[in-house]
Amino acid sequence: MIFELGYVKVKARIWNIEEPNYYRDIELLADTGAIYTVVPASILNELKIKVIGKRKFRLANNEVIERDVGIIGIKINELTTHSIVVFGDENVYLLGAVTLEELGLKVNPLTGELEPFELLLM
């Protein structure tokens, strides 16, 4: 895990949930403002990730765009889950809030690390 200038970058393994031999090790920027995890479409296509639909997203400049989404397997810090992923632009690698929650992790802004949070079952 790398902490530089307020950014938290984490190493992750992502894979095709139907064909796990298609995988890739990548580095993601933890972005709690992003709902879903975003990986370049070229990588997701290499991994043969199936498109399961389209979603609309509002960008920081207020522009609304539509992107394909799929489902990937993802492993961070020995924790694994299946999560929605956005087919993103080149060089955009974001770890979104949904994936963080599915992994039971949160960003500690003081240490710049991911850490477990208490999961509630109520």
Candidates Ile35, Ile72, filtered to the one that is part of a loop (DSSP other than H, G, I, E, B), in contact with a strand residue (DSSP E or B) (Cβ under 9 Å, 6 or more places away or on another chain) and either modelled with pLDDT of 95 or more or not aromatic (Phe, Trp, Tyr) (or both):
Ile35
Give the residue that is nearest to the chain's Cα centre (by Cα), with candidates limited to residues of the range 58-115 that are of a type in the set (Ser, Thr, Tyr) and closer than 10 Å to Thr37 by Cα.
Thr99
Only one of Val51, Val8 that is surrounded by fewer than 19 Cβ atoms within 10 Å (Cβ to Cβ) and either in contact with a Cys (Cβ under 8 Å, 6 or more places away or on another chain) or of a type in the set (Val, Ile, Thr) (or both)
Val51
Could you check the range 17-32 and list, in sequence order, the residues that are among the charged types (D, E, K, R) and either surrounded by fewer than 15 Cβ atoms within 10 Å (Cβ to Cβ) or not in a loop (DSSP other than H, G, I, E, B) (or both)?
Glu18, Glu19, Arg24, Asp25, Glu27
Given the residues Ile14, Ile49, which is the only one that is part of a strand (DSSP E or B) and either at pLDDT 95 or above or of a type in the set (Gly, Ala, Ser) (or both)?
Ile14
One residue from Leu28, Leu47 being closer than 28 Å to Leu110 by Cβ and in contact with a Phe, Trp or Tyr (Cβ under 6 Å, 6 or more places away or on another chain):
Leu28
Being crowded, with 17+ Cβ neighbours inside 10 Å and small (Gly, Ala, Ser) is the filter; apply it to the range 75-122 and report the residue that is modelled with the lowest pLDDT.
Gly112
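The values are calculated or read from the model by the stated rules, or taken from the named source; none is laboratory data. Given the structure is predicted, the values throughout are model-derived calculations rather than measurements. A quick note on method: Cβ atoms are made from the backbone with ideal geometry, for glycine too, and the neighbour counts reach across all protein chains shown.
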